[in-house]
Amino acid sequence: MGNVSKQTSTNRTITIDFQHEATYFQLLGNGKAFLECVLAFVLSLGFQLTHKATCRGGGCLTRHSHYVRVRLGGVTIWRIQCTTCKAVFTVLPHFVLRYRQMRPEVARDALLATHGGLSLAWCAVICNLSPMALYRLVCAVGQQSLVAVLMRCGLPLPVYILADEKHSRCLTDKVYLPTIVRGRVIWHLGYSASKSATAFTGSYGDFQHAALQVEPSYRVKGVLTDGFDSTTSSMRTLFPGARLGYCLRHALNKLPSKLVGVAAPVRQGLRSKFHSLLHRCRQRTSLRVVALGQRLRHFADHITAAVGQEHGERVRHWFQDKKAGWYVVLADPKMPASSTLLDQAHNTMDRKLFMMKGFHHPVGSQAAFLTGLAHLYNLIPYQRRALHAGQCGVEVEGGVLPTTDWMLNLQILTSAGFR
Ligand SMILES: [Zn+2]
């Protein structure tokens with residue numbers, strides 16, 4: 001496991017949008033107006049501040065203390081305090097990044113270039129910063145959990161999910177990235193050195209734990225996987241009541257490998273027959289499961305007749321093994337039928353991890369780094385020729401963002417002082 005950086009209980013930073021730098025500097029001289037502006041912004045977001053556990057947050061806020069960030073050219077940063085629980089919040093204006101000298105504009109360009117697929121080395125040249133600074137920036141963003149940030153955008157916890165692992169490498173070791181996706185949003189991106197059911201249960205369990213913390217009654221109704229044993233058994237352990245379906249497209253792509261030795265055109269023909277079989281079952285409005293059972297039997301007979309007993313039997317056994325998972329997909333219309341959107345997320349992650357391969361090392365902050373990348377995936381708008389151009393994944397899924405500026409959204413949503 002990579003290091004999960006410790007979340008210190010004292011981090012109650014909140015990023016506040018003062019719109020203009022000049023406004024911020026004016027407000028510094030007027031304590032009452034400063035506080036009002038901060039509270040109005042927090043209220044407009046619909047967020048609450050993370051008071052101490054015993055506090056209901058009903059008390060007043062006062063200006064507590066201030067300090068000067070010398071490395072930022074002497075910007076004054078104020079802290080405010082709850083009069084009831086004495087929790088202290090650091091108010092960061094929108095043009096300052098926590099613990100960083102880098103300006104948000106520079107960070108924005110570097111993160112966008114990274115997200116777009118530019119290597120760390122090129123990002124460093126273009127944005128005039130060190131590759132390590134960029135790596136640390138992504139890790140810093142990744143301190144906040146995906147569940148916390150997505151809930152702040154008003155997205156409901158996902159009831160139907162796609163779950164699968166990305167295979168990757170850490171130097172020469174094989175590693176796995178257990179992932180949970182709902183639509184165009186990544187809800188979990190873990191890191192595991194083993195592909196055992198126990199390891200995957202641990203990783204997916206982090207998501208479950210985070211979800212149950214915000215919503216104790218949270219239940220998953222359906223999970224789509226590609227049928228890999230460790231994945232399905234970890235899902236069974238964590239979400240006992242959930243229906244477990246197998247991806248239909250995955251099944252389609254797997255068929256030719258069950259017909260080894262058969263001439264390619266014949267295999268292709270059988271694959272497209274299988275495709276229309278699955279497609280027709282999905283189109284039916286009733287008795288889809290019965291229809292599938294019948295058609296699978298006929299199809300296995302057809303294979304026996306076309307390419308011989310041995311192939312027919314192999315395919316028949318494979319159907320026996322997998323059909324329960326396919327039935328689940330057909331039985332519940334809300335189940336996703338294919339894991340295409342998960343594959344897209346994995347391909348994006350793969351490109352990033354490839355270009356950052358110089359930074360993979362066993363003692364890196366893998367968990368924070370991957371979570372940071374997943375935040376970028378969820379919050380950076382799609383490019384202008386894309387299907388959902390100008391919108392980010394969170395918006396496509398119906399989430400609400402604090403502002404129209406993705407970098408500012410990233411700063412605000414990953415502030416530890418908000419709840
Ligand atoms: Zn309080």
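The values are calculated or read from the model by the stated rules, or taken from the named source; none is laboratory data. All of these numbers come straight from a predicted model, not from anything done at the bench. So basically every Cβ, Gly included, is an ideal-geometry build from the backbone, and we count neighbours across all protein chains shown.
All conditions in (1) of a type outside the set (G, A, S); (2) surrounded by fewer than 17 Cβ atoms within 10 Å (Cβ to Cβ); (3) under 22 Å from P256 (Cβ atoms); (4) touching a residue at least 40 places away in the same chain (Cβ under 8 Å) hold for C281, with the sole exception of (2).
One line per residue, one yes/no per condition, for (1) touching an Asp or Glu at 6+ places or on another chain (Cβ under 8 Å); (2) modelled with pLDDT under 90; (3) among the hydroxyl-bearing types (S, T, Y):
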| residue | (1), (2), (3) |
| --- | --- |
| R243 | yes, no, no |
| R282 | no, yes, no |
| Q309 | no, no, no |
| V315 | no, no, no |
| A331 | no, yes, no |
| S339 | yes, yes, yes |
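Just to be sure, is R98 at pLDDT below 85, surrounded by fewer than 22 Cβ atoms within 10 Å (Cβ to Cβ) and of a type in the set (D, E, K, R)?
Numbers: at pLDDT below 85: yes; surrounded by fewer than 22 Cβ atoms within 10 Å (Cβ to Cβ): yes; of a type in the set (D, E, K, R): yes.
The answer is yes for R98.
Among the residues examined, T179 does not qualify as farther than 27 Å from V400 by Cα and at pLDDT 95 or above.
What about L387, is it over 21 Å from F207 (Cα atoms), touching a strand residue (DSSP E or B) at 6+ places or on another chain (Cβ under 8 Å), surrounded by fewer than 21 Cβ atoms within 10 Å (Cβ to Cβ) and not hydroxyl-bearing (S, T, Y)?
On the way: over 21 Å from F207 (Cα atoms): yes; touching a strand residue (DSSP E or B) at 6+ places or on another chain (Cβ under 8 Å): no; surrounded by fewer than 21 Cβ atoms within 10 Å (Cβ to Cβ): yes; not hydroxyl-bearing (S, T, Y): yes.
No: the conditions fail for L387.
T15 meets the conditions (1) touching a residue at least 12 places away in the same chain (Cβ under 8 Å); (2) assigned to a helix (DSSP H, G or I) in every case but one. The failed one is (2).
For the range 24-67, the set of residues classified as more than 16 Å from the ligand (Cβ to nearest atom), over 35 Å from the mean Cα position of the chain (by Cα), surrounded by 11 or more Cβ atoms within 10 Å (Cβ to Cβ) and without any contact (Cβ under 8 Å) to a residue 40 or more places away in the chain consists of F25, Q26, L27, N30, G31, A33, S65, H66, Y67, listed by residue number. Within the range 360-406, the residues that satisfy the criterion of being among the polar types (S, T, N, Q) and assigned to a loop (DSSP other than H, G, I, E, B) are S365, Q383, Q391, T403, T404. When K166, K254, K174 are screened for being under 26 Å from Y327 (Cα atoms) and over 15 Å from the mean Cα position of the chain (by Cα), only K254 passes. Across the range 68-80, the qualifying residues are those that are out of contact with any helix residue (DSSP H, G or I) (no Cβ under 9 Å at 6 or more places or on another chain) and more than 15 Å from the ligand (Cβ to nearest atom), and the one among them that is modelled with the highest pLDDT is I77.
Answer yes or no as to whether A368 is surrounded by fewer than 17 Cβ atoms within 10 Å (Cβ to Cβ) and aliphatic (A, V, I, L, M). Considered against the rule, which asks whether it is surrounded by fewer than 17 Cβ atoms within 10 Å (Cβ to Cβ) and aliphatic (A, V, I, L, M), A368 comes out as no. Please indicate, with yes or no, whether at least one residue in the range 114-124 is within 25 Å of E21 (Cβ to Cβ) and in contact (Cβ under 8 Å) with a residue 12 or more places away in the chain. No: zero hits. Pairs linking a residue in the range 246-274 that is among the charged types (D, E, K, R) to a residue that is not in a helix (DSSP H, G or I), with Cβ atoms under 6 Å and 6 or more positions apart or on different chains, are R249/S338; R267/L259.
A single member of A110, A121 is in contact with a Leu (Cβ under 6 Å, 6 or more places away or on another chain) and not polar (S, T, N, Q), and it is A110.
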